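Student: If you scroll down you'll find the structure; I have some questions about it.
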Amino acid sequence: MRSYPHVFEYPYSVAENIPFEMKGNWKKEFFKNDNPIIIELGCGRGEYTVGLARLFPDKNFIGIDIKGARMWSGATEALQENLKNVAFLRTNIEIIERFFAAGEVDEIWLTFSDPQMKKATKRLTSTYFMERYRKFLKPHGVIHLKTDSNFMFTYTTYMVDKNKLPVVFSTQDLYQSELVDDILKIQTYYEQQWLQRGLAIKYLKFILPQQGKLEEPEQEIELDEYRSYNRSKRSALQFSK
């Protein structure tokens, strides 16, 4: 992917030493327009990023993940289709704020993120990450969570309620809800697997204001009863916060 003009590779090992020239300049220097920027964190194969770009040519999309072997698939599709509103960034999400300036991103998508049931600070919907998102998400920017994990959905709902974050839409069974949205019909490879196994897909859309102290929820949550791809083995615990 090093030869791909729309792929930027800045893993943690080099990000500290190399200034990222696109920070604050994504629209001007790369996309060459003033359209909104939407990022997908943990984009995997990039199906969602590319799917969104096809649907909305008047918006810019950036897929972000550390695993280049997976990302190659979506990056190659975007290149072959000559999609000018797509970019990919290979880096660690823990340092995501190093790549975007204040107010540069309009929306964040979290699609089937690892629920990280053992440690809250690793969850992409934790207040730890919310504080990072605030550094580059525009005021009252939107966050989308689409997940097969009951643990992840429940935890995020508690976090949103605890901090009184405005909820736009919430459902524990997306494809049985009244929501009709072409965006949500995009299905990743892994989502198709969950649906084939009879698992309900959950969706939560909420607003992240810039102001206000964020606090972690205290409720204990039952752990998921199954293992998704690449998720660590469950411990003997049945509940976690």
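Student: Just for the stretch 192-217: of the residues that are exposed (fewer than 15 other Cβ atoms within 10 Å of the Cβ), within 27 Å of E107 (Cα to Cα) and charged (D, E, K, R), which one is farthest from the chain's Cα centre (by Cα)?
Tutor: Checking each candidate, the answer is K213.
Student: Might you let me know whether the stretch 107-115 holds any residue that is in contact (Cβ under 8 Å) with a residue 24 or more places away in the chain and more than 18 Å from the chain's Cα centre (by Cα)?
Tutor: Checking the stretch 107-115: not a single residue is in contact (Cβ under 8 Å) with a residue 24 or more places away in the chain and more than 18 Å from the chain's Cα centre (by Cα).
Student: Quick check on V105: is it open to solvent by less than 30 Å² (accessible area, probe 1.4 Å), of a type in the set (A, V, I, L, M, F, W, C), touching a Lys or Arg at 6+ places or on another chain (Cβ under 9 Å) and at pLDDT 95 or above? Spell out how you get there, then give the answer.
Tutor: Details: open to solvent by less than 30 Å² (accessible area, probe 1.4 Å): yes; of a type in the set (A, V, I, L, M, F, W, C): yes; touching a Lys or Arg at 6+ places or on another chain (Cβ under 9 Å): yes; at pLDDT 95 or above: yes.
So V105 passes the test.
Student: Answer with yes or no whether G42 is within 25 Å of K146 (Cβ to Cβ) and touching a residue at least 60 places away in the same chain (Cβ under 8 Å). Spell out how you get there, then give the answer.
Tutor: Details: within 25 Å of K146 (Cβ to Cβ): yes; touching a residue at least 60 places away in the same chain (Cβ under 8 Å): yes.
Criteria met by G42.
Here is a yes/no grid of residues against (1) surrounded by 13 or more Cβ atoms within 10 Å (Cβ to Cβ); (2) assigned to a helix (DSSP H, G or I); (3) basic (K, R):
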position	(1), (2), (3)
K146	yes, no, yes
F151	yes, yes, no
T154	yes, yes, no
M159	yes, yes, no
E178	no, no, no
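Student: Taking the residues in the stretch 5-30 that are among the hydroxyl-bearing types (S, T, Y) and surrounded by fewer than 16 Cβ atoms within 10 Å (Cβ to Cβ) as candidates, determine which candidate is modelled with the highest pLDDT.
Tutor: Step by step, filter the stretch 5-30, then rank; the result is Y12.
The values are calculated or read from the model by the stated rules, or taken from the named source; none is laboratory data. Keep in mind the model is a prediction, meaning the values are calculated, not measured. Cβ: placed from backbone, ideal geometry, glycine included. Neighbour counts: every protein chain shown. Note: accessible area is taken over every heavy atom of the protein model, side chains too, but ligands, DNA and RNA are not part of it. Shrake-Rupley method; radii C 1.70, N 1.55, O 1.52, S 1.80 Å.
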